[in-house]
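The values are calculated or read from the model by the stated rules, or taken from the named source; none is laboratory data. Everything quoted here is computed from the prediction, not taken from an experiment. Every residue, glycine among them, receives a Cβ derived from its backbone with ideal geometry; neighbour counts consider all protein chains shown.
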Amino acid sequence: MMEAYLDESGIHAGAKVCVVAGYYGSHKNWRTFEAQWNKVLSAYPEVASKGFHAKHFFGRGKDGNRVKEYKGWSEDKAYKFMERLTQAIMRNRIFPVGYAVVVDDFAALTLNMGRWLTGAEFSKNGEYIKGGSPSRSYYLPFEFCVLKSCQKSNANPVDKIHFFAGLDRTFYEYANVLFKLALVDERLPMETRNQLGTIAYPLAKDTPGIQAADLLCNRLYRRALYALANPRTNPTPLLSNLLKNWQGGAPKLVLLNEAAFEQMEKKAEVMAAKRQARKI
């Protein structure tokens, strides 16, 4: 059995980018990872009871000092803590996946293009029938994460891939809707949809996989914001380590922006032309 743990960053109002990211791997490898992650947390009682939360770890108060459960930590203590968490991810066969969408570029799409990209049904002559979520830019990175997790995880119709999102995370209510859309999204190959298992919502504070996804999401979100103005810069050493086990080419932030949408529009036009040809 395969498992994927996903989280988001940037679905709040006014966000410039939205990221969905996480890790996928086998049931066996996840259990090994969980034991190692929990061992790290157990060495820090102030964190162990709450679980890891990236926003708290990287957050700073008005005085520039660490906040929440990390208040009073020295830079050395924080560095060693993060290094141990990162090593738990890197040494296990759990694989990162993550996509970001530029919200304004998505909002600039035509209504029908936004519908098509979010699973709407169209007739053979290109007329809109029903469905789609053109106001939900986060559906795209979610869909791409689901698609890659299925393709790269060796899941199959018998040994399906099951997804997890934190019940105590904002992403919970969105993930529930998005997963149901993916199950019936005809743009996804039937082979992929047959690989999809279930989606469950454990408490993030008790689930190392979701905590790891939260860490990756947080860093990818910061990277995406920076990449908007500085597209040619390299990721930080921490993000590079979090992406180390990336499958399918060199690790990179996949940014769904205006250029990417232009390519998708061309693909949609080709598909529409093929439908018209079959109709004739």
*From M90, M2, which residue is surrounded by fewer than 16 Cβ atoms within 10 Å (Cβ to Cβ) and under 25 Å from S149 (Cβ atoms)?*
M90
*Name the single residue, out of those in the stretch 114-148 being under 22 Å from the mean Cα position of the chain (by Cα) and among the aliphatic types (A, V, I, L, M), that is farthest from G22 (Cα to Cα).*
A120
*Could you tell me whether any residue of the stretch 246-259 is outside any helix (DSSP H, G or I), touching a residue at least 40 places away in the same chain (Cβ under 8 Å) and more than 20 Å from S9 (Cα to Cα)?*
yes
*When you scan the stretch 148-181, how many residues do you find that are modelled with pLDDT of 85 or more and either within 18 Å of C217 (Cβ to Cβ) or among the basic types (K, R) (or both)?*
7
_Just to be sure I understand, how many residues within the stretch 19-40 are hydrophobic (A, V, I, L, M, F, W, C), touching a residue at least 60 places away in the same chain (Cβ under 8 Å) and more than 14 Å from V97 (Cα to Cα)?_
3
*Could you figure out which of (1) surrounded by fewer than 23 Cβ atoms within 10 Å (Cβ to Cβ); (2) closer than 19 Å to K267 by Cβ; (3) not charged (D, E, K, R) isn't true of Y139?*
(1)
*Which residue, of K71, K28, K50, is surrounded by fewer than 16 Cβ atoms within 10 Å (Cβ to Cβ), farther than 24 Å from Y201 by Cβ and basic (K, R)?*
K71
*Enumerated helices (runs of 4 or more DSSP H) restricted to the stretch 1-118, each holding at least 2 residues that are polar (S, T, N, Q) and at pLDDT 95 or above*: 27-42, 75-90
*Evaluate the following for R232: is it assigned to a loop (DSSP other than H, G, I, E, B), of a type in the set (D, E, K, R), more than 19 Å from V97 (Cα to Cα) and touching a residue at least 12 places away in the same chain (Cβ under 8 Å)?*
no
